[in-house]
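K.L.:
Please read through the structure below; I'll follow up with questions.
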Amino acid sequence: MRRRATIAVMLGIFTGVVGKQPWKLNLICPEEKINLTLDAYEESVEVPGLEAFGPMNGFLGGNIYGVWYVVGVDIKDDHQATVTIANDLGSEDQKLTLTQTSDSTYQLKFLGYNAVKRAQGKKLVKIPGELTMKIVPSDTQEKEIK
């Protein structure tokens, strides 16, 4: 009887840990038309244009020059993580913090020099150093950023 109770408790704890994944999300900044898809727990995201490399932890895309894929995630807690991204050529990387500010809103802040740019006219210009990102269902994400 004691063994069954122990197994039941362990199963409940495991289910609670696996079921709670605050760093598996799709975000969009509607004002800048920039999206972030992130799965900090496993490489499950197909990155547009980089499908040959297989699934990754996520990417930053939308109204930016190229696509930036996630190369690392350092989870601080359920409300803050540091994400490292690299451009599609692998020539530059960028760190950013992602902080949950409400149930559906996150603040993305680039750390240090902001290497992420967008084409504006015939020039590449930096995107803002801070973005307010909103959670969107994954099935509507592509519609939102086009």
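The values are calculated or read from the model by the stated rules, or taken from the named source; none is laboratory data. All values derive from a computational prediction rather than experimental measurement. As a convention, Cβ positions derive from the backbone with ideal geometry for all residues, glycine included, and neighbour counts pool all protein chains shown.
K.L.:
Among the residues in segment 7-26, are any at pLDDT 95 or above, over 16 Å from the mean Cα position of the chain (by Cα) and surrounded by fewer than 16 Cβ atoms within 10 Å (Cβ to Cβ)?
P.N.:
Within segment 7-26, none of the residues are at pLDDT 95 or above, over 16 Å from the mean Cα position of the chain (by Cα) and surrounded by fewer than 16 Cβ atoms within 10 Å (Cβ to Cβ).
K.L.:
Collect the residues in segment 53-64 that are modelled with pLDDT of 95 or more and either surrounded by 13 or more Cβ atoms within 10 Å (Cβ to Cβ) or not in a loop (DSSP other than H, G, I, E, B) (or both), keeping them in residue-number order.
P.N.:
Residues satisfying the conditions are P55, M56, N57, G58, F59, L60, G61, G62, N63, I64.
K.L.:
Can you confirm whether segment 129-140 contains a residue that is among the β-branched types (V, I, T) and at pLDDT below 95?
P.N.:
yes
K.L.:
Sticking with this one: Name the residue that is surrounded by the most Cβ atoms within 10 Å (Cβ to Cβ), counting only residues in segment 82-93 that are more than 13 Å from the chain's Cα centre (by Cα) and either of a type in the set (G, A, S) or part of a strand (DSSP E or B) (or both).
P.N.:
Ranking the qualifying residues of segment 82-93, first place goes to N87.
K.L.:
Exactly one of (1) closer than 15 Å to A40 by Cα; (2) touching a strand residue (DSSP E or B) at 6+ places or on another chain (Cβ under 7 Å) is unmet by D77. Its number?
P.N.:
All conditions pass for D77, except number (2).
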